[in-house]
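Here the structure comes first, spelled out in structure tokens, and everything after it is commentary.
The values are calculated or read from the model by the stated rules, or taken from the named source; none is laboratory data. From a predicted model like this one, the values you see are computed outputs, not experimental measurements. We place every Cβ from the backbone using ideal geometry, glycine too, and count neighbours over all the protein chains shown.
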Amino acid sequence: MTVADRPSRDPATAPLLLAARGLKKSYGRALAVAGVDLDIPERAFTTLLGPSGCGKTTILRMIAGFETPDAGSILLDSQSLSGVPPERRPVNTVFQSYALFPHLTVYDNVAFSLRLKGQEPNLDNRVRRALDSVHMGEFGDRLPHQLSGGQQQRVAVARAIIAEPRLLLLDEPLSALDRKMRGHLQIELKDLQRRLGIAFVYVTHDQEEAFALSDIIVVMNKGRIAQKADPLTIYSRPADTFVADFIGGATLVPATVIAAAPGRATVETPLGTIESAAVDGLAVGDKAALVVRPEGIAPAAGGAASLSGEVTHSVFQGERTLVEVVVRDIRLSLASHQPPAVGTSIDLVLIPERLFVTRLAA
């Protein structure tokens with residue numbers, strides 16, 4: 001089947017591949033995963049995103065079969081994985097360390113799992129096809145120490161996909177690489193996933209990586225799912241203050257709801273009364289937060305100023321400078337190509353269509 005022949009990869013319409021219900025896992029008194037329900041569509045690139053200790057790797061290991069849930073179920077293609085050992089699951093894992101055999105060539109590393117299972121017929125063609133799919137066909141006779149970190153990562157992926165798994169799990173596979181190499185391999189991974197049509201579940205704490213790769217992002221907090229949505233929704237419509245703060249680059253302004261309608265709210269804040277888009281379920285009197293990202297605020301032009309503040313910091317970021325301004329004891333950030341000097345006053349306007357009101361995290 002060619003890429004053009006494959007069904008739509010739209011996660012909203014793709015059939016369900018994996019369904020986890022009520023997953024719980026504790027280590028002693030520490031609750032790692034607290035009753036998680038998770039759906040993984042076919043052909044989708046799903047990322048579990050969150051800080052260290054939020055439960056994302058534990059969920060990955062339970063899907064792989066390396067950990068047993070204390071409660072809950074995992075179904076793959078509507079079949080329960082309970083009691084099925086890792087080697088019998090149609091699931092493969094790419095580890096953070098790559099876990100290549102140092103004494104085996106690239107070819108033999110990729111062939112290892114098929115040889116272990118006695119699947120020798122057509123072995124050479126399958127190995128070469130797997131290596132070609134990650135652009136490593138000419139490196140089959142090399143040992144792992146003769147490869148760069150990026151090349152080793154590709155070999156690890158080839159070894160994982162040769163058995164044609166229904167689901168590929170990736171546990172922070174780019175974290176040991178430098179920034180430039182990570183950016184290059186993000187593009188390669190996304191392209192590979194599209195060409196193969198295999199569902200990927202990817203674990204990371206890096207929000208930029210999650211945005212670059214994912215069809216679906218699952219933000220984890222304290223063993224629970226804080227929000228599951230496409231990257232644009234996660235960024236522009238965070239479900240609560242944890243998601244808004246973790247994604248970064250936002251100022252969370254204390255707010256009280258004074259009017260509410262489906263998808264909108266009017267709030268009273270230290271910056272004044274503001275109406276904007278909002279999470280559903282807010283009611284008059286609720287405490288909330290106004291999410292103000294750098295693109296939601298701009299220097300005033302033509303006397304349209306609604307706020308005035310003092311520039312306290314200016315951070316050069318290459319294509320732009322991030323300017324911090326204190327307005328009524330609230331620290332706001334905005335992007336500027338011609339930043340004002342630190343210590344000067346600046347007039348600002350909020351851009352209502354780029355603001356968002358969200359609930360306080362539990």
(message) Among the listed residues 171, 178, 206, identify the single one that is more than 29 Å from residue 72 (Cβ to Cβ) and either surrounded by 19 or more Cβ atoms within 10 Å (Cβ to Cβ) or of a type in the set (Asp, Glu) (or both).
(response) 178
(request) Search the stretch 315-351 for residues being in contact (Cβ under 8 Å) with a residue 24 or more places away in the chain and surrounded by fewer than 12 Cβ atoms within 10 Å (Cβ to Cβ), and hand back the single one that is nearest to residue 293 (Cα to Cα). (result) 329
(message) Condition check: at positive phi and either touching a strand residue (DSSP E or B) at 6+ places or on another chain (Cβ under 8 Å) or outside the structural domain of residue 91 (by TED's automatic domain parsing) (or both). Does residue 222 satisfy that?
(response) yes
(message) Can you list residue pairs whose Cβ atoms sit under 9 Å apart, with the first residue in the stretch 52-69 being assigned to a loop (DSSP other than H, G, I, E, B) and the second being of a type in the set (Ser, Thr, Tyr)? Count only pairs 6 or more apart in sequence or on different chains.
(response) 66/93; 67/58; 68/82; 69/82
(message) Against the condition at pLDDT 95 or above, in a strand (DSSP E or B) and either within 22 Å of residue 343 (Cβ to Cβ) or among the aliphatic types (A, V, I, L, M) (or both), how does residue 252 come out, does it pass?
(response) yes
(request) Go through the residues of the stretch 239-246 one by one and say whether even a single one is out of contact with any Leu (no Cβ under 7 Å at 6 or more places or on another chain), at pLDDT below 95 and within 20 Å of residue 348 (Cα to Cα). (result) no
(message) Name the single residue that is farthest from residue 349 (Cα to Cα) among those in the stretch 298-313 being hydrophobic (A, V, I, L, M, F, W, C) and either assigned to a strand (DSSP E or B) or modelled with pLDDT of 90 or more (or both).
(response) 311
(message) I'd like to verify a number: residues in the stretch 85-97 that are within 20 Å of the chain's Cα centre (by Cα) and either in a loop (DSSP other than H, G, I, E, B) or of a type in the set (Gly, Ala, Ser) (or both), how many?
(response) 3
(request) Examine the stretch 132-139 for a residue that is in a helix (DSSP H, G or I), farther than 22 Å from residue 188 by Cβ, in the same structural domain as residue 194 (by TED's automatic domain parsing) and among the polar types (S, T, N, Q), and state whether such a residue exists. (result) no
(message) Whether any residue in the stretch 105-123 is at pLDDT 90 or above, assigned to a loop (DSSP other than H, G, I, E, B) and over 30 Å from residue 14 (Cα atoms) is what I want to check.
(response) yes
(request) Look through the stretch 314-362, keep the residues that are charged (D, E, K, R) and outside any strand (DSSP E or B), and return whichever of them is nearest to residue 234 (Cα to Cα). (result) 354
